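Asks: To start, I am sharing the structure in question, which I have written as structure tokens.
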Amino acid sequence: MADMPLVHAVNVTKSFGDNQVLKGIDMDVSKGEVVCFLGPSGSGKTTFLRCINQLETIDGGRIWVDGELMGYQDKGGQLYRLHDKEVARQRREIGMVFQRFNLFPHKTVLENIIEAPIQVKKENKAEATARANELLDRVGLSDKPAAYPAQLSGGQQQRVAIARALAMRPKLMLFDEPTSALDPELVGEVLTVMRELADEGMTMIVVTHEMAFARDVADRVVFMDGGVVVEQGDPRQVISNPQHERTKTFLRRMQ
Ligand code: ADP
């Protein structure tokens, strides 16, 4: 499926109990594209991200990443769940950065970054360390390999979390409100790293409330509300001239 976008989601549904959180999401993201998801709290943005990398199991629809069907094997139109090991392999191709930094507290910065490449990808330690140092340099933390997470600011920890995700050489990076747990003065340093990553051509889906970032960096913004995509398009167009009442109301509240 060579012509398929990097992410191809069709009619994705997801409920928690009787609360249907995703009501049939169709979403394509091209290779190298940066897409920001906006929308009120509870609209399903995080759940959709988590469905892409299979932290949640979808109830209906299908998601392909790089031409590969997530979570299922398609045998003549019949879908069969993949084994956990296969799901884990698919998940490894996708980097995710969470609102909270989720670093291993008892490991140094360097150990945090090399853990998965060594344990999961079986890279040798010297190779993984060299790459970790390169990544630390890239996120502006080349002086911190020996530090422990608790010795770092929230912004520094989040930059380590980005480096750790990149160490697995993902095809796609998912960011779930990566700056919303940070003190305001630390937001900029994380957004700068994300902006550089976007400039380098990484495919990114970002759930964020940072309107300036969405306007300046995203190729497209998607506005979600109540489990559906209400509107999407060019960031400047959607943010400055929203077409739908729900988008207008949301953006007014953000100002
Ligand atoms: P957003 O990211 O837009 O704020 P979420 O995807 O986090 O929205 O949440 C959408 C809805 O799904 C909310 O009503 C939330 O309470 C519910 N929800 C999310 N995760 C779970 C869960 N694990 N169990 C039950 N309800 C959940």
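Asks: Does Val120 count as β-branched (Val, Ile, Thr) and farther than 23 Å from Asn11 by Cβ? Step through it out loud before you land on a result.
Replies: Numbers: β-branched (Val, Ile, Thr): yes; farther than 23 Å from Asn11 by Cβ: yes.
Criteria met by Val120.
Asks: Being within 23 Å of Ser30 (Cα to Cα), at pLDDT 95 or above and touching a Gly at 6+ places or on another chain (Cβ under 8 Å) is true for just one of Val207, Val228. Which residue is that? Before you say what the answer is, go through the steps one by one.
Replies: Working: Val207 fails: touching a Gly at 6+ places or on another chain (Cβ under 8 Å).
Selected residue: Val228, the only one of Val207, Val228 that is within 23 Å of Ser30 (Cα to Cα), at pLDDT 95 or above and touching a Gly at 6+ places or on another chain (Cβ under 8 Å).
Asks: Report those strands (runs of 3 or more DSSP E) wholly inside region 34-94 carrying at least 1 residues which are within 16 Å of the ligand (Cβ to nearest atom), open to solvent by less than 20 Å² (accessible area, probe 1.4 Å) and farther than 19 Å from Val10 by Cα. Show your work before the answer.
Replies: Details: elements: 34-38, 60-65, 72-75, 78-81.
Correct list: 34-38.
Asks: Six or more apart or on different chains, Cβ atoms under 6 Å: show the pairs whose first residue is in region 200-219 and free of Cβ contacts under 8 Å to residues at least 60 places away in the same chain and whose second is outside any helix (DSSP H, G or I) and open to solvent by 50 Å² or more (accessible area, probe 1.4 Å).
Replies: none
Asks: Shifting gears a bit: Being open to solvent by 60 Å² or more (accessible area, probe 1.4 Å), within 13 Å of the ligand (Cβ to nearest atom) and either touching a residue at least 60 places away in the same chain (Cβ under 8 Å) or aliphatic (A, V, I, L, M) (or both) is the filter here; which residues of region 12-33 pass it?
Replies: Gln20, Lys23
Asks: Where in region 127-241 are there strands (runs of 3 or more DSSP E), lying wholly inside it, with at least 2 residues that are farther than 16 Å from Phe101 by Cα?
Replies: Working: elements: 172-176, 203-207, 220-225, 228-233.
Hits in region 127-241: 203-207, 220-225, 228-233.
Asks: Which number in (1) surrounded by fewer than 18 Cβ atoms within 10 Å (Cβ to Cβ); (2) under 23 Å from Phe48 (Cα atoms); (3) acidic (Asp, Glu) marks the one condition that Glu177 misses?
Replies: Condition not satisfied by Glu177: (1).
Asks: Here are some residues: Asn102, Asn124. Which one is loosely packed, with under 12 Cβ neighbours inside 10 Å and out of contact with any Leu (no Cβ under 9 Å at 6 or more places or on another chain)? Quick ask: steps written out before the conclusion?
Replies: Values: Asn102 fails: loosely packed, with under 12 Cβ neighbours inside 10 Å.
The match here is Asn124.
Asks: What tally of residues in region 127-158 results from selecting those that are open to solvent by less than 20 Å² (accessible area, probe 1.4 Å) and farther than 21 Å from Leu174 by Cα?
Replies: 5
The values are calculated or read from the model by the stated rules, or taken from the named source; none is laboratory data. Just so it is clear, the model here is predicted, and its values are computed rather than measured. Please note: Cβ atoms are built from the backbone with ideal geometry, for glycine as well, and neighbour counts cover all protein chains shown. Accessible surface areas use protein heavy atoms only, side chains included; no ligands, DNA or RNA. Shrake-Rupley method; radii C 1.70, N 1.55, O 1.52, S 1.80 Å.
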